[in-house]
Structure formats: C-alpha cells, structure tokens
Amino acid sequence: MDDQVLILDFGSQVTQLIARRVREAGVYCEVMPFNTDPERIEAFHPKAIIFSGGPASLTGEDTPRAPQIAFDLAVPILGICYGQMALCHHLGGTVETSDHKEFGRALLDVKDGCALFDGVWEPESQHQVWMSHGDRVVSLPEGFRVVATSAGAPFATFADDDRKYYGVMYHPEVVHTPDGARLLENFVRKVARCTGTWTMAAFKDEAIAKIKAQVGSGHVICGLSGGVDSSVAAALIHEAIGDQLTCVFVDHGLLRQGEAEEVVTVFRDRFNMRLVHEDASDLFLGGLADKTDPEEKRKIIGGLFIDVFQEAATKAGDAEFLAQGTLYPDVIESVSFSGGPSVTIKSHHNVGGLPEKMNLKLVEPLRELFKDEVRDLGRELGLPESIVGRHPFPGPGLAIRIPGQPITREKLEILRKADAIYLDEIRKAGLYDAIWQAFAVLLPVRTVGVMGDARSYDYACALRAVTSTDGMTADSYPFDHTFLSQVATRIINEVKGINRVTYDATSKPPGTIEWE
Ligand code: XMP
C-alpha cells in the first residue's frame, strides 16, 4: 500500500475518531503511539502524519514531544490540539498555560484561506468548532502564518504552506465540529494527495493475498460462534484458502432461538465450508447443573469451551494456524501518561490461552478494521444481513441471562421464546439497528397472576435494550409505552411459564449491560 496516513497518538480519548474520518475519506490509516520506534514509523511509509490531541501539558517536563522522524520524512503534518502544540514547540514556537481555557463549543474566526479550508470555509467567516485546551500557542515558528483565531486561541489554525505543516487547536474529528470531516478529507486528499481509493473491495483482495502468503499450504482452524467477527473472519479466510480452513462451531446449548441452525445453514450449506458442529449441550448443561454464582458459571463455560474446541480441532486434522476475529480497537496500543505508553490488548474471551496450548500461530485478518468496517466486509463477502448486522452476544450465552438460579433446558426454552418475540417486535418496529443490544432475562422469581379465570404462578422476565457505541457505557433505550405493552402482552400470551414482564431502565454505569 503506498497511499496511507499515520496517526501518532498523544493519548486523546478520540484518536480513533481521527482514524475513522480518514478512512471515511477513502484513505487507509493506522494509529501508533507518539513514541513508536522511528524505524517502524519509517517502514510504514506514511504519505502524511497526523498528531492527535492528548491530555498532558507541553509546559510540563516529562510530557510527550513530537518525534524527529516525523519531520525527517518530509511529509505533510497536521497537528490537532495537543498535537498542534507539539508541532509548534518542536519547530521553535512557544506554548504556555492560558488563563482563557476553552472546553466545548467555540466560534472560530476564519481570517485567511488555506488548503485545509479549501471549498469548506471562506475567509472572513465564523464557524462552530469543538475545543478542549488549557495551554495555547503564543508565538509561531518561522514560516507559519495565522489562518483562524478564536476567543481563547489567537493561533487556532496556522499553516506553513511550503512544508505543508498545519495546526488546528480544535478537534475536527468530532461531530461537534460539523465541518471537521471535510477538513480532514482536504488534508489527506488535497494536501497529502492520497488518491482516496481505499475501499472494502480493495481491502478484501489485499487481505486474501496476505492470508495466502501467511498460510501457504497450511491448515487453519477457526472457532465460529455465529457472531459478526468470527463469521466475517471465517468467510474471508475461506475465500482465500477454501478447504484448508476448518471451522469449529462449539454449540454449548446456550444460544438464542434458531441461531445454531443458522450457523450450520449459512456456513456449511451455503458457503460450503468444512464445518465441525460440536453439539456439546449435554456436557455444558451437566457442568452448570445446580450452579447459581455468575463467576462460577463463566469459569465452567470457559473451561469446557476450551476442552471441546481443542478436541474438535485435533479431530479436524493437524492445524498450524488458529484464526481469530480480533478487531482494531482491541489492538491499538493506547498511550498512558503515568509511566510511558502502555499496551492494552484484550485477550479473546473464548479461546484465551489456546494458541500457546495447541502450539498454533494466529491468523487475524480483521486486525486493522473497526466494527462497522467488519460489517461492510461481511456484506462484500456475501454474508446475510442477519449475521453482519447482528447485535453483540456474550460468549457464555443465555447462561448469564438466567441469573441467580440453576440453568435447565426448560428455563432456556422459556427464555428463548420470550427473547425471540421481543426481537421480532423490535425488528417489525424498525428499531433493531438503532439499538446496540436487546434481550430478555429470565428472573429467579415466580409471581402470582390471573390468566383467564385461573390463577397463575409463573416466572417474571425482564427486557433490556441499550444504546451504546462500544459497550463500555450504555443508556437504556427509551421505547414508548405502547410498544412495551405490546411486547409484554405477546410474551405472556405466547410463552408458557411467564406471566409478568418488566423493562430495565438502568444505564451503564452504574448497571452493566448483562444481568448475569
Ligand atoms: P457488560 O454486561 O459487562 O457487557 O456491560 C458489555 C458487553 O460485553 C458483552 N459481554 C461479553 N461478550 N463474552 C463476550 O464475548 C463474555 O463473556 C461477555 N460478557 C459480556 C455484553 O453482551 C455487552 O455487549
């Protein structure tokens, strides 16, 4: 790839959004910590570099500085917020702590034209931007001119047109800077002259070539759960190496209604993949009998999953590789300021420790993608919408949605039916894609009701639906009451065993998404 942009991370909460915007402009980019080994930065061959924002102060002693390599490469540089000050400081300008701090919406006064503003903002106009700074630039390095100001930042945008260095004090990557995405597009397309031809189809072809090169004639095992990430990884690897891939689907008996059947139909029948379907529900339900503690349930499921997967993988033949659907947000090395950069790489919940145990090398073809890009790739590969658009579903499945009570086949059946009705109503109302995750929970309590003329004594179920962007924080979805009543009526009428339905209005924090 010769048309790519590097984002150097100085620790901002929104660095990933810069990457999103650049990719939306059709340009491939990656995020690396500001203090990445210069050789690695050079080897990436960036056509331009963006310095992100960050929480530190350049007036402090041991705070991040712009790396010399960025300047040695003689490519365009855009500094955002802290990145702007780091750029300025490196080239001999001055930054100081300001009395006039700006946080939130601010008005930008555009004084002059520049390549970043081309076709977006005219000189002598005012625009809304999002600011978040305590320090500010007070004198510019040689070669720079002021392009825009704000009440708290006399150098809110500056430019060195010859070297193609630009600094903006505001955050163009956030939606509160309404024209920000177009400024970033100008930087990567017009200033850096990237072609903007990065598409999912191009990514797919390149990923297939990489998989072939990595795997050669080797055999790959892939754990398939029916979730978006493992499904897309499997479909992509299958397109690359066909029968050298075996997918192992461990059916723990804790899936939603129709889910196991769909995995088999789509992957074995339609895609013609070598698929081992291990129906291990007796083993899992046996292991969970009488267990009520959530952590104990999770440990049992995790342990059995590895045993079953390992056995099935061994039966499937001598594999050298294990495929995983690890995504970009899981592998970005985040910057922390207490003691240098820290690496936070989430281990995969379901097959943790397995690669070492089975002596397998990893194939992770989605490592560069964000979740919605994975969905686009899935569509490109011909996966059905019911899989690519699916809500997240936890590895331990319905076991953590039958809290505080032993799990039985009967309770699973009741929960599956209620959950399916709820999701059916959500789809019919056109709300599925507006919701991050929706599901029913079977509560460990039976209550009295009247059905017809008879007294009932059945389970209560809770409905949960949340909006979220990453699952870390979430809000309860504000259904209207008529919708909730309709779902409650259908569940009580159609599901034998439930006579009461409640809606969970808790946000996260303080609640979690799952009940456990
Ligand atoms: P909580 O309940 O912690 O959930 O707010 C956050 C997100 O993570 C999902 N989740 C899991 N996913 N294995 C998974 O693959 C798990 O063990 C697991 N536990 C929770 C949950 O569904 C939500 O999307």
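Listed by position, the helices (runs of 4 or more DSSP H) inside the range 270-333 whose residues that are within 27 Å of the chain's Cα centre (by Cα) number at least 3 are 294-315, 328-331. For Val215, the conditions (1) exposed (fewer than 14 other Cβ atoms within 10 Å of the Cβ); (2) at negative phi all hold with the exception of (1). Would you confirm, using the coordinates I've provided, whether Arg416 is open to solvent by 20 Å² or more (accessible area, probe 1.4 Å), more than 15 Å from the ligand (Cβ to nearest atom) and under 30 Å from Cys29 (Cβ atoms)? No, not satisfied. Looking across Gly397, Gly340, one residue alone is open to solvent by less than 50 Å² (accessible area, probe 1.4 Å), modelled with pLDDT of 85 or more and farther than 26 Å from Gly216 by Cα. It is Gly397. Go through the range 427-441 and report how many residues are in contact with a helix residue (DSSP H, G or I) (Cβ under 8 Å, 6 or more places away or on another chain) and within 16 Å of the ligand (Cβ to nearest atom). Of the residues in the range 427-441, 6 are in contact with a helix residue (DSSP H, G or I) (Cβ under 8 Å, 6 or more places away or on another chain) and within 16 Å of the ligand (Cβ to nearest atom).
Yes or no, residue by residue, for (1) more than 16 Å from the ligand (Cβ to nearest atom); (2) part of a loop (DSSP other than H, G, I, E, B); (3) under 20 Å from the mean Cα position of the chain (by Cα):
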site: Leu366; (1), (2), (3): no, yes, yes
site: Glu373; (1), (2), (3): yes, no, yes
site: Asp376; (1), (2), (3): yes, no, yes
site: Arg379; (1), (2), (3): yes, no, yes
site: His391; (1), (2), (3): no, yes, yes
site: Pro403; (1), (2), (3): no, yes, no
site: Ile407; (1), (2), (3): no, yes, no
site: Lys411; (1), (2), (3): yes, no, no
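Taking every residue in the range 432-451 that is more than 26 Å from Ile407 (Cα to Cα) and pairing it with any residue that is open to solvent by less than 30 Å² (accessible area, probe 1.4 Å) and away from the ligand (no atom under 13 Å from the Cβ), at least 6 positions away or on another chain, the pairs with Cβ-Cβ distances below 6 Å are Tyr432/Ile426. Consider the range 482-516 and keep the residues that are more than 16 Å from the ligand (Cβ to nearest atom) and among the basic types (Lys, Arg). The one that is surrounded by the most Cβ atoms within 10 Å (Cβ to Cβ) is Arg500. The number of residues in the range 460-478 that are buried (at least 19 other Cβ atoms within 10 Å of the Cβ) and more than 16 Å from the ligand (Cβ to nearest atom) comes to 1.
Those strands (runs of 3 or more DSSP E) of the range 114-182 in which at least 2 residues are within 19 Å of Ser52 (Cβ to Cβ) and in the same structural domain as Asp9 (by TED's automatic domain parsing), considering only elements entirely within it, cover 125-139, 157-160, 165-168. With the condition kept exactly as written, say whether any residue in the range 196-207 is of a type in the set (Lys, Arg) and at positive phi. No.
Would a scan of the range 175-186 turn up a residue that is among the hydroxyl-bearing types (Ser, Thr, Tyr) and over 25 Å from the mean Cα position of the chain (by Cα)? No, that holds for no residue. In summary, Phe249 fulfils each of the numbered conditions (1) in a helix (DSSP H, G or I); (2) within 16 Å of the ligand (Cβ to nearest atom) with the single exception of condition (1).
For (1) over 30 Å from the mean Cα position of the chain (by Cα); (2) at pLDDT below 95, each residue gets a yes or a no:
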residue	(1), (2)
Gly152	yes, yes
Tyr166	no, no
Thr199	no, yes
Glu206	no, yes
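The values are calculated or read from the model by the stated rules, or taken from the named source; none is laboratory data. Here the structure is a predicted model, which is why all the values come from computation and not from measurement. Virtual Cβ from ideal backbone geometry, glycine too; neighbours counted across all protein chains shown. Heads up: the accessible areas ignore ligands, DNA and RNA and are worked out on the full protein's heavy atoms, side chains in. Shrake-Rupley method; radii C 1.70, N 1.55, O 1.52, S 1.80 Å.
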